[in-house]
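Before any comments, here is the structure.
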Amino acid sequence: MTAVTARAHTNIALVKYWGKADTKLMLPQTSSLSLTLDQFYTDTTVDFVSDLTADEVVLNGQVLTPTASQKVRHVLDLVRQQSGETRFARVNSTNHVPTAAGLASSASAFAALAGAASRAAGLTLSRTDLSRLARRGSGSATRSVFGGFVEWQAGTDDATSLAVPFQEQVDWPIAMVALVLDPRHKKVSSTQGMQSSVTTSPYYPAWKTVVADDLAAIKPAILAQDFTTTGEILEANAMRMHALTLSANPPFSYFNGESLATMQTVRDLRASGVPCYYTLDAGPNVKVFCQEADLPAVTTRLAAQFGADQVIVAHPGPGIAFL
């Protein structure tokens, strides 16, 4: 076997999953739906070699400690179990996305790892099986195996919790403007935040109903290219997810002052006749959903407020590829 390199892109959940039903198998409490983005991705090379005494993981040029690489080694162990490979792996990964800042770097990272490691070990997995494998490293990675609009079906066990493409070829002139307000590591990880919300927010049972309703409504809106309905659903869904963090005990938030200012700017743009909607994952960085024709108005306003270097325009992106 030789080294294999895979590239996977990040995704932004439009209808979010927030909470695990099984932390070992990374099964979510709810299904979810996302859009894969073209501007943020991870390249990962995996090589199983004979002279290593342990897995060696390098991320963005830095050798990770065994503690920091625990999830990576877990996925490698799963690959070894499936393939019969007995050697340790050398993993070299580069994130073209700020890590742990709410821009889904773990999604692209573990999707790329699943692809590269499985191929390097001699496996030829279907994309469905790759999505199951990627899920074991990071839940949202299951969606980054596919391009365009992707649904992660929650399932009830390892076999049934997987991603399926909803609309991979997106011929709708839409964009997602990412505003990088703070590229630093967040103080509360997604895993910690989810667990706290599930166990302490009195509103968590209602969240599961919200997600089911939003999924049922957003899918026909996407197929009809109904921009307004899609935008209204993704914005409301994001705010209801973040309401869980504010209602947890103790309460916490991923917003900062600039996050709140951006949300108001988006509302102001809408009021002035520029249709756009915001969403946030577990981090302060805001993503603004808009139509291609309105990109100049949206980016000009955000660049004037926060600086052009903070504004990145993304479009629907592809699924996993081998380089």
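The values are calculated or read from the model by the stated rules, or taken from the named source; none is laboratory data. These numbers were taken from a predicted model, which means no experiment stands behind them. Neighbour counts run over all protein chains shown; Cβ positions are idealised from the backbone, glycine included. For accessibility, only protein heavy atoms count, side chains too; no ligands or nucleic acids. Shrake-Rupley method; radii C 1.70, N 1.55, O 1.52, S 1.80 Å.
Miscellaneous remarks
- Approximate shape of region 148-294 as ellipsoid semi-axes (Cα gyration tensor, √5λ), whole Å, largest first: 25, 22, 14
- Between the C-alpha center of region 11-82 and that of region 117-157 there is a gap of 10 Å.
- From phi via Karplus (6.51, -1.76, 1.60), per-residue ³J(HN,Hα) for region 111-125 in Hz, x at Gly/Pro: 5, 5, 4, 4, x, 5, 5, 5, 5, 5, 8, x, 8, 10, 8
- Entry note, the chain: the mean residue ellipticity at 222 nm calculated from DSSP H runs of n ≥ 4, each adding -39500 (n - 2.57), is -12000 deg cm²/dmol after division by the residues and rounding to the nearest 500.
- Region 160-224: proportion of alpha-carbon pairs further apart than 14 angstrom, %: 77
- In a reduced charge model with +1 at each Lys and Arg Cβ and -1 at each Asp and Glu Cβ, the chain shows a dipole moment near 620 debye about its Cα centre.
- Computed with a 1.4 Å probe on the full set of protein chains, the accessible area for Leu25 sits at about 40 Å².
- Think of region 252-314 as having a plus end and a minus end, set by charges on the Cβ of Lys, Arg, Asp and Glu; of Ala314, Asn285, Phe252, Phe252 sits farthest toward the positive end of this dipole.
- From phi via Karplus (6.51, -1.76, 1.60), per-residue ³J(HN,Hα) for region 245-254 in Hz, x at Gly/Pro: 5, 6, 9, 6, 10, x, x, 8, 8, 8
- Note on surface exposure: His96, His242, His185 rank His185, His96, His242 by accessible area, highest first, 1.4 Å probe.
- Residue-by-residue Karplus 3J(HN,Hα) for region 183-195, coefficients 6.51, -1.76, 1.60, Hz, glycine and proline x: x, 6, 4, 6, 6, 10, 5, 4, 4, 4, x, 4, 4
- Exposure rule at most 13 other beta-carbon atoms within 10 Å, DSSP loop trypsin sites (Lys or Arg not before Pro): the chain longest free segment: 25-183
- 25 Å Cα-Cα threshold exceeded, pairs from Lys24/Lys208; Lys24/Lys287; Lys208/Lys287; Lys16/Lys219; Lys187/Lys287: Lys24/Lys287
- Measuring max minus min along each principal axis, the C-alpha atoms of region 71-191 give extents of 44, 32, 26 Å (largest first).
- Counting protein heavy atoms only, region 1-97 has 48 percent of its accessible area on carbon and sulfur, 1.4 angstrom probe.
- Against the chain, whose longest principal axis comes from its Cα atoms, helix 70-83 is set at around 60 degrees.
- Rounded if a/c under 1.5, otherwise prolate or oblate - region 16-67, Cα gyration tensor axes: oblate
- Long-range HN-HN contacts of Asp38 with modeled amide H, under 5 Å: His315, Gly317
- Just so you know, the Cα atoms of the chain work out to an Rg and Dmax of 19.1, 63 Å.
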